[in-house]
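Have a look at the structure below, then the notes.
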Amino acid sequence: MVKIRTRPRQDGSPESVLCDLFEQALLASDPMSCVPVHLPELAENGRVVVVGAGKASAAMAKAVEDEARARGWLDRVEGIVVTRYGHAVACERIEIIEASHPVPDVAGEIAAQRVLELAHGLNSQDMLLCLVSGGGSALLALPADGVSAAEKAAVNRALLRSGAPIDEMNCVRKHISAIKGGRLAAAAAPAHVVSLMISDVPRDDPSVIASGPTVPDRTTSADALAVLERYGIETPSSIRGLLESAAGETPKPGDATFANVENIIIAKPGDMLTAVADTAELRGLHVVSLGADLEGEARDLGREHAALARRLKRERQGDRPIVVLSGGETTVTVRGEGRGGRNAEYALGLAAGLLGQVGVYGLACDTDGIDGVEDNAGVLVTPDTLERAVAARFDVQDVFERNDAYTLFAALDDLVMTGPTRTNVNDFRAILIV
C-alpha cells in the first residue's frame with residue numbers, strides 16, 4: 001500500500017477526503033491485481049521470455065512471477081524489464097534494470113539492446129510476454145541506425161519542453177528508434193507475442209503507450225518531421241536524413257509481423273476514474289466527471305476548472321458536497337528555469353482562478369508518484385492558497401513565467417508525496433466543493 005504524505009490533516013477534512021480519493025485511484029490501477037487476470041495460457045512447450053519497460057513494469061514483473069509460481073510454470077520464465085531509477089521491485093527470475101526517465105541514458109540503451117537480442121532468439125514455440133507502461137518510451141531507448149544516443153536525447157529533451165502532446169512526442173520517438181513503433185514485435189517473429197499494457201495516454205491508444213513497441217504504427221516519418229517543424233525543434237542531420245528515407249518507416253497495420261501478436265490493455269485512466277467515482281458516491285458526494293482524456297496547457301485547464309467550480313458552488317442546492325473528477329495528461333510549455341510538473345502548474349492555475357473561493361479545495365497528482373521530474377506526486381489547493389502565497393511574498397504571475405510552481409507549493413507545505421507508486425494511469429485531479 002502506497003502511503004500518501006502531506007502536511008498534517010484532520011480525518012474527515014476536505015484535504016483528507018481528497019487524499020483518500022487519490023489512494024483509491026492508486027489501488028484501482030495496482031499491477032498486483034490487474035496483471036494476474038490477464039496472463040495468457042501457455043503452450044505445452046517453449047520458453048516464456050518476459051521483457052518490458054515503464055514505471056510500472058517492475059511491479060508488473062513481480063505480479064507475473066507470483067502468478068506463474070501459483071500456476072506452476074515459474075521455472076519457464078526468464079527475461080529483462082527496465083524501469084525508472086527508484087522504481088525497481090525484487091524478482092526471482094526476471095532481471096530488473098533501472099534507467100533514466102524522462103531523458104534516456106546509457107543504462108536504458110543497453111537494456112533495450114538486450115531486450116531486442118532476447119526477442120531475436122525466439123522460435124514459434126516461445127512466448128514473448130511484454131509488460132508495458134507509461135515511461136517506456138524513455139526507458140527503452142535504442143536509437144535507430146545512424147542516430148547517436150546524444151542526438152536522440154537532445155530531441156527528446158526539446159520535445160519535453162515544447163508543450164507537444166504525448167501522441168506527437170511518441171510519433172517522433174517511434175521513428176528514430178530501433179525498438180519502438182512495432183519493431184520489437186517484428187524482431188520476435190515467429191514467436192507468440194502478448195503485450196500487457198497499463199495505459200497512461202488519453203484515449204488509450206496502444207500505439208502511443210510507451211511508443212507501442214509491439215503495436216502497428218499508423219503514423220509516418222513525414223508526420224514525425226511535421227511535429228519537429230511545428231515546435232521549432234532543432235533536428236540533427238542524421239535524424240532528418242533518417243526521417244526523409246524509407247529506413248525511418250515503421251511496420252504498419254496489416255503487416256504480417258502482427259499476425260501472432262496480442263496487445264491487451266489491463267488498466268486505464270477511465271477505469272481508475274470510475275472506481276474513484278464509485279468510492280465518492282459511497283461517501284455521499286455528488287460526482288461530476290469530466291472524463292479521463294483531458295489535455296491542454298496545464299495552467300489554462302486549471303483556470304477553466306476553477307470557473308466551473310465557482311459556478312457549481314453558486315448553483316449548489318442543499319448541503320451535499322460535490323466532487324469534480326478528471327484525468328488525462330496536460331502539457332506545460334516550458335519558458336522558465338523554475339521547478340514544477342504539470343500538476344503543480346495546473347494547481348496554481350486552479351488557485352489563481354478560484355481567487356480564494358470559500359469551500360473549494362483541490363488535488364492534482366500524477367498516479368506514478370512523480371510530477372514531472374520532481375519528488376512529489378502533486379499538490380493540494382485550499383481556499384487560502386493565494387492568501388498564503390502572497391504572505392510568503394510570492395508573485396503568482398512571476399511564478400508562472402518561471403514555471404516554478406513546485407517552489408511555491410513547497411513553501412506553503414502543500415506538496416503531496418508518495419514516492420514511486422509503481423503504477424501509471426496518468427494524472428488524477430479532484431476538486432471538492434463543500
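The values are calculated or read from the model by the stated rules, or taken from the named source; none is laboratory data. Keep in mind that what you see is a predicted model, and the values were worked out from it rather than measured. Quick reminder, even Gly has a Cβ in these numbers, built from the backbone with ideal geometry, and neighbours come from all protein chains shown. Just the protein is used for accessible areas: all its heavy atoms, side chains included, with ligands, DNA and RNA removed. Shrake-Rupley method; radii C 1.70, N 1.55, O 1.52, S 1.80 Å.
Observations
- Yes/no for Asn123 being in contact (Cβ under 8 Å) with a residue 12 or more places away in the chain and under 16 Å from Gly108 (Cβ atoms): no
- Subset of the range 204-225 (residues that are aliphatic (A, V, I, L, M) and touching a Ser or Thr at 6+ places or on another chain (Cβ under 9 Å)): Val208, Ile209, Ala210, Val215, Leu225
- Some residue of the range 138-154 being closer than 15 Å to Leu243 by Cα, among the aliphatic types (A, V, I, L, M), out of contact with any strand residue (DSSP E or B) (no Cβ under 8 Å at 6 or more places or on another chain) and open to solvent by less than 10 Å² (accessible area, probe 1.4 Å): no
- The residues of the range 80-118 that are surrounded by 23 or more Cβ atoms within 10 Å (Cβ to Cβ) and small (Gly, Ala, Ser), listed by number, are Ala99, Gly108, Ala111, Ala112.
- Counting only residues that are part of a strand (DSSP E or B) and closer than 24 Å to Ile322 by Cα, the range 12-49 holds 0 of them.
- Single residue of Arg339, Arg335, Arg388 found to be over 18 Å from the mean Cα position of the chain (by Cα) and free of Cβ contacts under 8 Å to residues at least 40 places away in the same chain: Arg388
- Of all residues in the range 191-227 being of a type in the set (A, V, I, L, M, F, W, C) and part of a helix (DSSP H, G or I), the one that is surrounded by the most Cβ atoms within 10 Å (Cβ to Cβ): Ala210
- Taking (1) in contact with an Asp or Glu (Cβ under 6 Å, 6 or more places away or on another chain); (2) part of a helix (DSSP H, G or I); (3) not acidic (Asp, Glu) in turn, Arg9 satisfies each apart from (2).
- Screening Val399 against (1) open to solvent by less than 40 Å² (accessible area, probe 1.4 Å); (2) closer than 30 Å to Ala210 by Cβ leaves a single unmet condition, (2).
- Residue check, Leu350 of a type outside the set (Phe, Trp, Tyr), open to solvent by less than 60 Å² (accessible area, probe 1.4 Å) and not in a helix (DSSP H, G or I): no
- Scanning the range 400-418 finds no residues that are more than 30 Å from Ser100 (Cα to Cα) and aliphatic (A, V, I, L, M).
- Within the range 172-190, the set of residues being within 19 Å of Ala149 (Cβ to Cβ) and open to solvent by less than 10 Å² (accessible area, probe 1.4 Å) comprises Val172, Lys174, His175, Ile176, Ser177, Ile179, Lys180, Gly181, Leu184.
- Restricting the range 402-417 to residues that are within 21 Å of Phe22 (Cα to Cα) and more than 24 Å from the chain's Cα centre (by Cα), the residue that is most open to solvent (accessible area, probe 1.4 Å): Asp413
- Checked against (1) open to solvent by 40 Å² or more (accessible area, probe 1.4 Å); (2) assigned to a strand (DSSP E or B); (3) among the basic types (Lys, Arg), Arg393 passes all but a single condition, namely (2).
Conditions (1) of a type in the set (Gly, Ala, Ser); (2) open to solvent by 30 Å² or more (accessible area, probe 1.4 Å), marked per residue:
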residue: Leu242; (1), (2): no, no
residue: Ser245; (1), (2): yes, yes
residue: Ile265; (1), (2): no, yes
residue: Lys268; (1), (2): no, yes
residue: Thr274; (1), (2): no, yes
residue: Glu281; (1), (2): no, yes
residue: Ala298; (1), (2): yes, no
residue: Leu325; (1), (2): no, no
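- Of all residues in the range 362-390 being surrounded by fewer than 24 Cβ atoms within 10 Å (Cβ to Cβ) and not acidic (Asp, Glu), the one that is farthest from Leu26 (Cα to Cα): Val390
- Per the listing Glu345, Glu304, Glu297, the residue uniquely within 22 Å of Gly419 (Cα to Cα), modelled with pLDDT of 95 or more and of a type in the set (D, E, K, R) is Glu345.
- Only one of Ala187, Ala138 that is out of contact with any helix residue (DSSP H, G or I) (no Cβ under 6 Å at 6 or more places or on another chain), in a helix (DSSP H, G or I) and at negative phi: Ala138
- Selection status of Asp167, among the acidic types (Asp, Glu), assigned to a helix (DSSP H, G or I), over 30 Å from Pro31 (Cα atoms) and open to solvent by 10 Å² or more (accessible area, probe 1.4 Å): no
- Residues that are among the hydrophobic types (A, V, I, L, M, F, W, C), open to solvent by 30 Å² or more (accessible area, probe 1.4 Å) and under 26 Å from Thr214 (Cβ atoms) do occur in the range 11-29.
- Test: Glu117 is at pLDDT 95 or above, over 30 Å from Ala275 (Cβ atoms) and in a strand (DSSP E or B): no
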